[in-house]
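The values are calculated or read from the model by the stated rules, or taken from the named source; none is laboratory data. Quantities reported herein were computed from a predicted structural model and do not represent experimental measurements. Cβ sites come from the backbone with ideal geometry, for glycine too, and all protein chains shown count toward neighbours.
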Amino acid sequence: MTPHSIAAELTRRGIKSPGGKDKWNQGTVRRMLSNEKYKGDALLQKEFTVDFLTKKLKKNEGEVPQYYVEGNHEAIISPAVFDMVQAELERRKRSTGSRYSGVSPFSNKIKCGDCGGWYGSKVWHSTDKYRKVIYRCNHKYGDGKCQTPHVTEEEIKAMFIKAYNQLVIEKKEIIANAELMRATLCDTLELAAERDKLQSEMTVLAEMIQNIVAENARVAQNQEEYQQRYNGLAEGYETAKSRYDELTYAMEQKDAQSEKMSRFIETLKERDGVITEFDPALWGSLADFITIGRNGRSVIFKDGTEITV
């Protein structure tokens with residue numbers, strides 16, 4: 001679902017918003033989905049006081065250092081699930097072709113074999129008895145005019161059923177490979193060690209910055225020399241912060257992939273035998289996306305397994 005449709009559903013259920021209102025809006029949902037406090041962390045100094053007399057606050061846009069504290073309080077969402085949500089939000093934002101609609105479980109899950117973009121849903125014969133929903137490349141009639149064919153929901157479901165039944169035949173081997181992949185590709189120990197070192201460095205630099213600012217406020221001194229010292233410390237902090245953010249993002253991506261793989265493994269372990277009907281829960285848990293090409297079609301599962309159908 002999109003933040004808009006989640007907001008509509010919460011409103012329909014009569015659940016009060018955080019502000020106690022009857023109607024939710026998508027902005028509130030977006031903020032909740034991306035708020036690090038839900039996984040027990042805290043980003044300090046998102047705002048800072050610009051006038052101590054009026055207590056006026058300003059959004060911190062780099063004027064003062066920010067501090068990210070892990071495990072600041074009890075979490076209500078596991079960090080792995082939170083990171084998986086951030087990865088999904090980023091995936092939707094970066095998806096080419098069109099804005100994520102969330103109108104069906106197949107939204108942004110069908111990839112064009114020509115341009116690599118996503119298929120979108122279209123309605124044929126919308127006003128008569130021949131009405132049909134089909135999916136085709138969003139660049140079908142744009143620049144390049146992709147030649148990949150359209151598909152119906154029935155075809156997509158049949159492709160998944162066929163691919164899943166092939167997957168389940170090699171269930172034990174698939175699970176073993178997925179567990180090995182999860183253990184090796186999703187390990188974050190080295191990244192965490194480097195990030196912890198940078199965190200310590202940033203803490204020291206931030207304290208030094210605060211100390212020289214406080215000293216400059218108390219003691220008259222050469223402002224040119226002060227500015228040079230300040231700029232040097234601030235530059236060092238920003239360099240460390242930039243690398244720290246890179247490591248944090250890489251770790252979040254690995255944690256999200258680990259959670260996705262874990263769910264894939266658990267779902268596969270719980271299921272036995274082939275299926276004859278499309279199961280939306282299985283589709284959501286196991287399938288990453290489908291590729292439609294001019295000369296072939298394949299289902300790519302969340303462990304990377306690709307099955308031609």
Seminar exercise, completed: Of (1) over 17 Å from Ile175 (Cα atoms); (2) at pLDDT 90 or above; (3) surrounded by 12 or more Cβ atoms within 10 Å (Cβ to Cβ), Ile265 fails just (1)
Problem set entry | Subset of the stretch 168-211 (residues that are over 18 Å from Thr239 (Cβ atoms), β-branched (Val, Ile, Thr), out of contact with any Ser or Thr (no Cβ under 7 Å at 6 or more places or on another chain) and surrounded by 14 or more Cβ atoms within 10 Å (Cβ to Cβ)) | Val168, Ile175, Thr188
Exercise. Scanning for something touching a residue at least 60 places away in the same chain (Cβ under 8 Å), out of contact with any Leu (no Cβ under 7 Å at 6 or more places or on another chain), farther than 30 Å from Met251 by Cα and outside any helix (DSSP H, G or I), does the stretch 150-170 turn up at least one residue?
Worked result: yes
Exercise. Got a number for residues in the stretch 183-234 being over 30 Å from Ser258 (Cα atoms), of a type outside the set (Ser, Thr, Tyr) and in a helix (DSSP H, G or I)?
Worked result: 25
Exercise. What are the residues in the stretch 235-276 that are of a type in the set (D, E, K, R) and not in a helix (DSSP H, G or I), if any?
Worked result: Arg271, Asp272
For this session: Report yes if some residue within the stretch 82-104 is within 21 Å of Ile290 (Cβ to Cβ), of a type in the set (Gly, Ala, Ser), in contact with a helix residue (DSSP H, G or I) (Cβ under 7 Å, 6 or more places away or on another chain) and at pLDDT below 80; otherwise report no.
Result: yes
Exercise. Just for the stretch 237-262: of the residues that are of a type in the set (S, T, N, Q) and under 11 Å from the mean Cα position of the chain (by Cα), which one is nearest to Val204 (Cα to Cα)?
Worked result: Gln253
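Residues checked against (1) part of a helix (DSSP H, G or I); (2) over 18 Å from the mean Cα position of the chain (by Cα); (3) among the aliphatic types (A, V, I, L, M):
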position	(1), (2), (3)
Met1	no, no, yes
Ala7	yes, yes, yes
Ile15	no, yes, yes
Gly19	no, yes, no
Trp24	no, yes, no
Gly27	yes, no, no
Arg31	yes, no, no
Lys37	yes, no, no
